[in-house]
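Just so it is clear, none of the values below were taken in a lab; they were calculated from the coordinates. Remember, predicted model here, so these are calculated numbers, not experimental data. Here the Cβ positions follow ideal geometry from the backbone for every residue, glycine too, while neighbour counts run over all protein chains shown.
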Amino acid sequence: MHGPATTGWLLVALCATAGAYCVLRMRSGVEEQRRAAGGEAVMGFGMAAMAVPAAALDPPDWVWPVYAAVFAAAALHSLWAARTGAHHLHHVVGALAMVHMSLTMTAAPGGHAGHGAAGIPLPTGVLLLYFAGYVLLSGARLLPSGAVAGGGTTRWGDRPELARACRLGMGIAMLAMLLTM
């Protein structure tokens, strides 16, 4: 990722934490929750790896095509899983955004992507709009609805408000990564 190193490290911390929480969610007793958490964990850790500031670690040129292949496989897996749930379509878009960023870094000399004189490329602009809308919608879902949750203890992996906060954080991180391309 290019931009201020502090921003990059904050994104690494946010995405790695989100990925770690998604690993905890994979222990849920609900099968659909486990499946969604697995895809989100891959995205969280992959985004953390891609967000490492270029000043700290300048990866070799072969890394970007590997990222593209891994996230293309994740997109195909999410597309297959989308047959059973609409949330997996968001995973497809997220994985394709990662493929787009990886291919952009592959095509750029020395791995340094830039928009040039033409402005923001169309795919990047569409992804920015999608994730801006996703972040706004995810943030709105975190607002209290007025309903009080029932008593009893809920396992960390089964807390829907934490899953929503995790998704919001990853959406914000994706927006930041797309903006710094």
Would you kindly derive the ³J(HN,Hα) couplings of segment 25-36 from the backbone phi angles with the Karplus curve 6.51 cos²θ - 1.76 cosθ + 1.60 (θ = phi - 60°), listing them in order in whole Hz, with x for Gly and Pro? 5, 5, 8, 4, x, 9, 4, 4, 4, 5, 5, 5
Sorted by packing (mean other beta-carbon atoms within 10 Å per residue), highest first, where do 164-175, 18-29 land? 164-175, 18-29
Note on segment 1-49: the mean projected area of its alpha-carbon convex hull, in nm², is 3.0
Sorted peptide list for 121-131, 32-42, 68-78, 93-103, criterion being average Cβ within 10 angstrom, highest first: 93-103, 32-42, 68-78, 121-131
Can you tell me the dipole magnitude for segment 1-84 around its Cα centre, using point charges on the Cβ only (Lys, Arg +1; Asp, Glu -1), in Debye to the nearest 20? 320
